[in-house]
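The values are calculated or read from the model by the stated rules, or taken from the named source; none is laboratory data. The model shown is predicted, which means the values in this text are computed figures rather than measured ones. Every residue, glycine among them, receives a Cβ derived from its backbone with ideal geometry; neighbour counts consider all protein chains shown.
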Amino acid sequence: MDNLKRRLDKIIDRLTSDALLQNKGLGNEIGFYVFDYPPEHEMEVREHIQFIIRQLPKKKPDLKFKHINLFELILAYLKSRKLLYRSIAIQKKDGDQKLLGSLIKGPLDPKNISKAFMEEADPQNHDLILVSGVGSAYPLLRSHNLLNNLHSLMENTPLVMFYPGIYTGLGLRLFGKLKEANYYRAFQLAT
């Protein structure tokens, strides 16, 4: 926990740094960052994200940022497509695999979710996008699929994903247990 606290304490300074906000020193890479953490500390990280959201306007008043919870985004998207309540009924009756293999497979395709994400994020009008709710969104959405689809869309707006698991710099392993998904185009936010 001491190491996590030390890393959490670095986040605000990192988020408000010119290097991160202006994508300096990335070698022409896109400004995607991952803050990975042990999933058993989810509640502490959630509380710290709320602290960050309150502190950013005090630390850097002109910073325009957006926080997106992926799970809430998916729920709102399914509701807008009039699929939410049917999805819940199918999941209760037949389980996750039936749900994911039928009614919502197409709507929750990462390309569709990335469009919904972009509408919500509005990166042209924000300096920074914060993303949470990754663990809650599983198995509806795998974060590496979303990130891959966002590369060509985010342009120069940095994105920071809070990730309950392990990011090795080469791949993401949700909850530290699921099979690693290859993803190597992000940087560690705070080590």
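The helices (runs of 4 or more DSSP H) found wholly in segment 33-138 and carrying at least 1 residues that are in contact with a strand residue (DSSP E or B) (Cβ under 6 Å, 6 or more places away or on another chain) and closer than 30 Å to residue 4 by Cβ occupy 42-59, 110-121, 134-137. Within segment 74-96, residues that are at pLDDT 90 or above have Cβ atoms under 9 Å from residues that are loosely packed, with under 12 Cβ neighbours inside 10 Å in these pairs: 78/85; 79/85, counting only partners at least 6 apart in sequence or on another chain. For first residues located in segment 6-26 and assigned to a loop (DSSP other than H, G, I, E, B), partners that are surrounded by 14 or more Cβ atoms within 10 Å (Cβ to Cβ) and lie 6+ apart or on another chain with Cβ distances below 8 Å form the pairs 16/56; 16/60; 16/63; 23/30; 23/31; 23/158; 26/187. Of all the listed residues (172, 153), the sole one being surrounded by fewer than 20 Cβ atoms within 10 Å (Cβ to Cβ), in contact with a helix residue (DSSP H, G or I) (Cβ under 6 Å, 6 or more places away or on another chain) and at pLDDT 80 or above is 153.
So that you can scan it fast, the table gives a plain yes or no per residue for (1) at pLDDT 95 or above; (2) over 25 Å from residue 113 (Cβ atoms); (3) surrounded by 17 or more Cβ atoms within 10 Å (Cβ to Cβ):
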{"site": "19", "(1), (2), (3)": "no, yes, no"}
{"site": "24", "(1), (2), (3)": "no, yes, no"}
{"site": "59", "(1), (2), (3)": "yes, yes, no"}
{"site": "64", "(1), (2), (3)": "yes, no, no"}
